[in-house]
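Remarks on the structure that follows.
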Amino acid sequence: MSKTIVIGFMTLALVLAFPGCGGGKNEGGASGSGSNASGGTKGAEASAPTKEVTLDQATAAMLKGKCTLKGAAPAMKEIDMGAKEAECLAGSPKKHEEWCVVGDGNTLANVVVFVKKGPALGVKSPPPADTVVIDQHNCTYTPHVVAFRVGQPVTIRSSDKTQHNVHLNSKLNGEWNMTMNEPSDLKLSDDKAIKVAEMPKDLRLKCDVHPWMGAYVGAFKHSYFFVTGKDGAFTLKDLPPGDYEIEAWHERFKSKPVSIKLGDKETKEITFEFAQ
């Protein structure tokens, strides 16, 4: 047997004995540790189930704080309703844009503050029984930003004596249109229910009849969220002690998430500063 053939047999034996060497992929297409076939570590973390946590009121913690805007707030323009102004306003004052609503000290309204990571996400509780109402009044949505629990009753109301077209746009909850005539209520149920948790950037209401009308909707699997008013204040209570990442969302401005550790019965304050 030639020397070349002997070396060839030896090489083949080494490959068969150590199939995992050389960083090769497995049958699922993933390589290395800490990854999966659907997109690596990031995908695995996103799909990992949350560990269930029992809330103990004797040790529950609380977070308070404010959302503020850095720099001078831009002036909100009057909404140009054109030929529909008379029927929409019916003698009421003109409406202004609401994408930047601030209070004294540049406190920022319409911010959704929520727990992004932390033991609170493992607390199981039923959605509230009280109904969330999103009104169409003077051809504007009120509130402009709203958040609720998945499974919580939601009613879209029309207080106007004019026709509206409620058009839901969503990445995860589908899309539908519904015409609403003079004052009436539309309960979101069956095929119109919002059944999947979704951030307001991806879940919106608009009116095709009055194109300036729009509302942002946040749907959560848990109860640890808050929508700020003009004072910019928020409270997240009944938090199990532990390490948290808190995030704040605004339709145009950005802020950095806050990482914080909460001890037993501890109350801490944080601030989100939004940059223009």
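Bear in mind these aren't lab numbers, they're just calculated from the coordinates by the rules spelled out. The model shown is predicted, which means the values in this text are computed figures rather than measured ones. Counting neighbours? That spans all protein chains shown, and the Cβs are built from the backbone with ideal geometry, glycine included.
Would you please give the FRET efficiency between T271 and K195, computed as 1/(1 + (r/R0)^6) with r the Cβ-Cβ distance and R0 = 35 Å, to the nearest 0.05?
It comes out at approximately 0.55.
Points 7 angstrom from Cα along the Cβ direction at T50 and M76: gap in nanometres?
3.1
What full-extension length gain, to one decimal in nm, is calculated for W176 and D231 as 0.36 nm per residue of separation minus the Cα-Cα distance? The partial results should precede the final answer.
On the way: separation 55, 0.36 × 55 = 19.80 nm, distance 3.42 nm.
Here the answer is 16.4 nm.
Using the count of nearby Cβ atoms within 10 Å as a rough guide to exposure, how do V258, V227 rank from fewest to most?
Sorted ascending by nearby Cβ count, the order is V258, V227.
Would you mind checking the radius of gyration and Dmax of region 61-274 based on alpha-carbon positions, in Å?
Cα-based Rg and Dmax for region 61-274 come out at 18.2, 59 Å.
Can you pick out the pairs among K64/K256; K66/K265; K94/K161; K95/K256; K124/K265; K201/K221 whose Cα atoms lie more than 24 Å from each other? Numbers along the way, then the final one.
Details: K64/K256 16 Å; K66/K265 21 Å; K94/K161 17 Å; K95/K256 31 Å; K124/K265 20 Å; K201/K221 16 Å.
Beyond 24 Å: K95/K256.
State, to one decimal in nm, how far the label point of A83 lies from the label point of K124, with both points 7 Å from Cα in the Cβ direction.
With each label point 7 Å from Cα toward Cβ, the separation is 5.8 nm.
How far apart, in nm, are two points set 7 Å out from the Cα along the Cα-to-Cβ line at K256 and at T142?
Between K256 and T142, the label points sit 3.9 nm apart.
Could you order peptides 51-63, 196-208 by the average number of other Cβ atoms within 10 Å of their residues, highest first?
My ranking of the peptides, most packed first, is 196-208, 51-63.
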